[in-house]
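Below is one structure, written out as structure tokens; comments come after it.
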Amino acid sequence: MSKTLLTILLLISSSIALKTKNKLKTKQTYTVSEDGTVTDESGNVIKLAIGLDSNGVYNYWYSKDEDMYKGRSLGDTLTCSENTCPKPNECIEAYNFCMCDKSMANYPFIGHNNQFCTYKRKRQVVAFLWELFTNVGVGHYYIHQIVRGVFKTIMTATPLIIFTLGKLRLLKYWFNEGTTGVVMACIMCACGLGAFIWWLVDAFMFGLNKYRDFNGVPLKHW
């Protein structure tokens, strides 16, 4: 158990160190070729796709599902500027496109008061560490997944409450009754095992950034 936890912590430390190193690099710039292809400094092609809102057709950043939150084309009616695309976000003038900073997301897609990329993402590392070291659902509360958090709190707290009440002899009658005592012990074991399995699942799910917040927006990676 201790070796597994140590391995997880080492992986987290390595990932955070790598992300920190990348952040120290100069700000990412983009190049638009004559055929309209957008590439970043590493030569990676950034693809554009078509989305539809209540006002008509617009372009949004797209390479996979979660990237739909990374920015928004302002179309013909608005101009990308610090007013419509506030800092720390970045305008790509060739496409009149507001590209969200990594800490921000474009939600809702139609913007808010003619401003885009104003949604503050929840941080993956915060949710991960809460669940890794507490395992009582705090990480789920943090990303506003309240129902999931409540169920996990109940599952984790139940065996602790039963054990504590037993130690205080408040459940002495129940534990002295044969069948009832067995049932109480089974509840403790089942909830304890369930809480441990849920801890493992959350460690991997938060670690791989598979959970999203209540609005369906991906968490900020580490």
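The values are calculated or read from the model by the stated rules, or taken from the named source; none is laboratory data. Owing to the predicted nature of the structure, the values given are computational and were not obtained by experimental measurement. No Cβ is skipped: glycine too gets one built from the backbone with ideal geometry, and neighbour counts run over all protein chains shown.
Reported count of residues in the range 85-124, each being touching a helix residue (DSSP H, G or I) at 6+ places or on another chain (Cβ under 7 Å) and assigned to a helix (DSSP H, G or I), is 1. Going by the conditions given, is residue 188 at pLDDT below 90, in contact with a Pro (Cβ under 6 Å, 6 or more places away or on another chain) and surrounded by 14 or more Cβ atoms within 10 Å (Cβ to Cβ)? The answer is yes for residue 188. Within the range 104-140, the set of residues being closer than 15 Å to residue 216 by Cα, touching a residue at least 40 places away in the same chain (Cβ under 8 Å) and surrounded by fewer than 20 Cβ atoms within 10 Å (Cβ to Cβ) comprises 109, 119, 123.
Residues of the range 191-212 that are farther than 13 Å from residue 126 by Cα and in a loop (DSSP other than H, G, I, E, B): 208, 210. In the condition set (1) of a type in the set (Val, Ile, Thr); (2) surrounded by fewer than 20 Cβ atoms within 10 Å (Cβ to Cβ); (3) modelled with pLDDT of 90 or more; (4) outside the structural domain of residue 202 (by TED's automatic domain parsing), residue 84 is compliant with all but (2).
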